[in-house]
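The values are calculated or read from the model by the stated rules, or taken from the named source; none is laboratory data. Note that the structure is predicted; figures quoted are calculated from it, not measured. Reconstructed Cβ throughout: ideal geometry from the backbone, glycine too, with neighbour counts over all protein chains shown. Ligands, DNA and RNA are excluded from the accessible area calculation, which covers all protein heavy atoms including side chains. Shrake-Rupley method; radii C 1.70, N 1.55, O 1.52, S 1.80 Å.
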Amino acid sequence: MVGNSARALVISNRRITGLTADVIAELVAEVGPLWHERHQARLASRPRKRAMGAGAKHRLVFVDRLLATLVHLRHGTTHDVLACWFGVDRSTITRAINEVRPLLAERGCTISPDVRLRTLAEVVDHLGATGETGIIDGTEIRVRRPAQGRKDRDKFISGKNKQNAVKSMVVTDGEGRMLWCSPTKPGSCADITHARQLGWWSSWPTGLRSRSSPMPATRGWAHRPADAW
């Protein structure tokens, strides 16, 4: 695991995680107990030959698990690199990210002290109520090539980057603050197909119009109230 000094450096340098130390402390306070509760529930849900708590202890404490997940989400850092950085096996990083990401998704996005968005429907309602601009775009993260023999292995090859990747659709406001992020899809899935599968076109109110992004390297949609155009 990383030392205390290295952990403090990661937390204090906003360029690494994209979050301030206060926000990270808030995440630890909110998400940490949920992770511990679910971890204990998993241990108690299966037959055991020894008492709970026996055996090897976690080499990666929850704070490090959270930091590894944040770095992965912000920079697309591979699990191998994170494993070297945190001094654990790659499978430990993979398991940590798979455990923490759903907890962050359930927590939702806090955009003001009294507003937290957890679902796409809440994002749509928020944009409609406030009249703010909503920007939708796809983002890809490079991943390891799936193991030989895995079903649909070739679907992870991105047609844009010609690399193995997974893709997510992201909604931000006009200032670039993230409001919602979708589950991942294989890299070969087109942005428009991913958006349709998520039901976005049926979710947007009829009073909102859309237009394609003028940027040639991306596909984006900006949604505004009809009278704003």
- Could you look at the stretch 62-132 and say what percent of its accessible area is carbon and sulfur, using a 1.4 Å probe and all protein chains? 53
- Task: Please give, to one decimal in nm, the separation of the simple spin-label points placed at Gln163 and Ala44, each 7 Å out from Cα toward the Cβ.
- Result: 4.4
- Would you mind getting me the FRET efficiency between Thr77 and Val28? Use the beta-carbon distance for r and R0 = 22 Å, nearest 0.05. 0.65
- Cα-projected label distance for Asp154 with Thr139, points at 7 Å along beta-carbon direction, nm: 3.0
- Task: Could you check the simple spin-label distance between Glu122 and Asp89, using points 7 Å along Cα→Cβ, in nm with one decimal?
- Result: 3.7
